[in-house]
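Worksheet: the structure to be examined is printed underneath.
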Amino acid sequence: MTEALDLDAVERTALLTAALRAAETRRPDSIYQDPYAAALAGDLGPELLAEIRTATFPPNAPRTLPSTPDYNAIRTRFFDDYLQAAVRETGMRQIVVAPAGMDSRAYRLPWPDHVRYFEVDRPAVLAYKRSRLDGVAPAVDHRAVAVDLAEDGWVADLVAAGYRPDTPSTWLVEGLLYYLPEADTHRILDQVAAVAAPGSRIAADIVNAVALTSPTMRGLLDVFAGWGCPWRFGTDQPEALFDQHGFVVRAIQPGDPEADFGRWPDPVPPRAVPDVRRVFFVHGRRR
């Protein structure tokens, strides 16, 4: 069995996400269910989550960091709903999750028969995932594409797996962009835009610039930096960023009416208020 030790620092954050989803699944008031999350998290995922909980919820002091468990629950549910709504559109037959990480939506959500579902990630990630889901059948026409998004040529592998650039698609870029240098973010969005037919949909999460430097984020940023995967990029104008690459998008924040689900514990200052840490859920279409 491929071990988690074969994964690099950024890849291991997928195990943290799986551990967060497993913890959410165990809650009596959970806002989604992921029956595969615990297996995907393995032994390392809960250890990473314990570090996050220690930093976020100090025993003898008020919480000053954003609540990662609540954020992750909202993000997962928001993108669950987004993808499920996308495939109800006439002509929407392709989903691309890049990077796939330990995401189990291909296994745990219902999909129409006409959908082809592509999971794009590095070979070590997909190998680990296969080992943890041994014997579990996906609920959709599932295509795993073992490539590195940081390298040129991955689009050709996606097409070789059956992706059609001339047909509308829905892309999910979840849990990635804040780990990338700005130049890599632009390059990946350019590559996605080049093979996303007009009318294709995209969704992603991204932080603002203040989130990379704010003292109110320091404890969380220090944990990720200590793991070897510091946050590198954020933008205060996510709509403009995606517009540069041919996408017309909206950006909402956890706690906004569309992305709350009764779980966001903090105020949501208006976008015009400066010097506030923010995370955005971006969603829109290819022009």
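Every number here is computed from the coordinates shown, using simple stated rules; none is lab data. Not measured: the values here are computed from a predicted model. When we count neighbours, we look across all protein chains shown, and the Cβ atoms used for this are built from the backbone with ideal geometry, even at glycine.
On the basis of the beta-carbon distance and an R0 of 45 Å, Ala50 and Val248 show a calculated FRET efficiency of 0.65.
Between beta-carbons, use under 10 Å as the cut-off and find the net charge around Gly228, counting Lys and Arg +1, Asp and Glu -1.
On the way: positive: Arg12; negative: Asp8.
Local charge sum for Gly228: 0.
By the scheme Lys and Arg +1, Asp and Glu -1, what is the net charge of all other residues having a beta-carbon under 13 Å from that of Thr54? Provide the component values of the computation, followed by the final result.
Numbers: positive: Arg53, Arg63; negative: Glu47, Glu51, Asp222.
After counting each charged neighbour, the total is -1.
Multiplying the residue separation of Ala161 and Asn60 by 0.36 nm and subtracting their alpha-carbon distance yields 31.1 nm. Express the relative contact order of segment 112-234 as a whole percentage, based on alpha carbon pairs under 8 Å and six or more residues apart in sequence. That works out to 24 percent.
Find the all-direction average of the projected area of the Cα convex hull for the chain, expressing the result in square nanometres with one decimal place.
Working: hull surface 57.8 nm².
Across all orientations, the chain yields a mean hull projection of 14.5 nm².
For segment 77-120, the residues whose backbone nitrogen is under 18 Å from a point 7 Å from the Cα of Ala137, taken along Cα to Cβ, are 105-117.
Averaging the sequence gap over all C-alpha pairs within less than 8 Å and six or more residues apart, then dividing by the number of residues, gives segment 1-129 a relative contact order of 28 percent. Applying the criteria of a DSSP loop state and at most 10 other Cβ atoms within 10 Å to the trypsin sites (Lys or Arg not before Pro) of segment 88-174 yields Arg88.
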